Amino acid sequence: MDDSMSIIRSVRVLLIRIIYLVFLGLLSIKAVAQETITSSNIAERISPKHHIFFVEYSHSPTSYIFLGKTPFSSSERTNVGYISPFTVRISGAYLYYSARLHPIIEYTYSKRDAGGSLDTIRGWSLDPLGLSSFVQLNKTTHLRNTVYGGFTIMPYTFPTDKGRRLNFNFELQSTIEHALAKQYVLSFGGAFHHISNAQTGEQNPGIDSIYLLLRLSYLIN
């Protein structure tokens, strides 16, 4: 019991830090956007710079009861994704479009139908709706904050027998990105991820996960 409480406390601290970094990044971008902007630096901000393609690995050691109801869940994912160089302006902040496909290597979760015993499943997710902002820290390093939304397909109902194969997910992600060379960027960070069937199944015991992630990006002019 003490170990479980310690894990929960650690996850809570990590979640608070991730949410803080996300809001810090968005507020910083908004603050910059409120400055007096000339026509020249408007063009500089919205002009395309790089198309970014990336591969990513992320791991969640345990789930956190926040919006979901399923405890003691862990998962691993691999991601391939894209970040557009073009921006949209929302509430004064300039945001980049992003999308990703992430096959689920392994999802181990507590199955309520089987008395809480652990079950393992594999599937895949598509997040076609992503918005990303970044804060420049120095010439080679910046903080990127991203919000993703999409759906997940599993081979059978998940995470209970009265759940659904089709589930929906959203994620708040914050990463530190560092340029390795002219076209390569290495990133590490964390994310809060929620998956559930959005009340479309007889039961909706969603799962909240805290992911640690590592990403390698390739930039194209």
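Read the figures in this text as sums done on the coordinates, not as results from a lab. Just so we're clear, the structure is a prediction, and the values are computed from it rather than from any experiment. Cβ placement follows ideal geometry from the backbone for every residue including glycine, while neighbour counts extend to all protein chains displayed.
Quick rundown of the values:
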{"item": "Filter result for GLY201 (in contact (Cβ under 8 Å) with a residue 24 or more places away in the chain and either aromatic (Phe, Trp, Tyr) or not in a loop (DSSP other than H, G, I, E, B) (or both))", "result": "no"}
{"item": "Condition check for SER84: touching a helix residue (DSSP H, G or I) at 6+ places or on another chain (Cβ under 7 Å), in a strand (DSSP E or B) and small (Gly, Ala, Ser)", "result": "no"}
{"item": "Selection within the range 80-106 - of a type in the set (Ser, Thr, Tyr) and in contact with a His (Cβ under 9 Å, 6 or more places away or on another chain)", "result": "TYR82, SER84"}
{"item": "Cross-chain or 6+ apart pairs with Cβ under 7 Å, the range 49-69 first and farther than 30 Å from THR87 by Cβ, then hydrophobic (A, V, I, L, M, F, W, C) and assigned to a strand (DSSP E or B)", "result": "HIS59/LEU212; SER60/ILE210; SER63/ILE207; TYR64/ILE210; GLY68/ILE207"}
{"item": "Filtered residues of the range 81-107 (kept if of a type outside the set (Phe, Trp, Tyr) and closer than 22 Å to ILE207 by Cα)", "result": "ALA99, ARG100, LEU101, HIS102, PRO103, ILE104, ILE105, GLU106"}
{"item": "Candidates ILE176, ILE121, filtered to the one that is β-branched (Val, Ile, Thr) and surrounded by fewer than 16 Cβ atoms within 10 Å (Cβ to Cβ)", "result": "ILE176"}
{"item": "Hits in the range 181-202 (condition: under 15 Å from LEU67 (Cβ atoms) and surrounded by fewer than 17 Cβ atoms within 10 Å (Cβ to Cβ))", "result": "ALA198, GLN199"}
{"item": "Single match in THR146, THR141, THR108, THR78 (criterion: surrounded by fewer than 19 Cβ atoms within 10 Å (Cβ to Cβ), in contact with a Leu (Cβ under 9 Å, 6 or more places away or on another chain), in contact (Cβ under 8 Å) with a residue 24 or more places away in the chain and of a type in the set (Ser, Thr, Tyr))", "result": "THR108"}
{"item": "Residue count for the range 129-166, restricted to those that are more than 25 Å from LYS111 (Cα to Cα), among the hydroxyl-bearing types (Ser, Thr, Tyr), in a strand (DSSP E or B) and out of contact with any helix residue (DSSP H, G or I) (no Cβ under 7 Å at 6 or more places or on another chain)", "result": "4"}
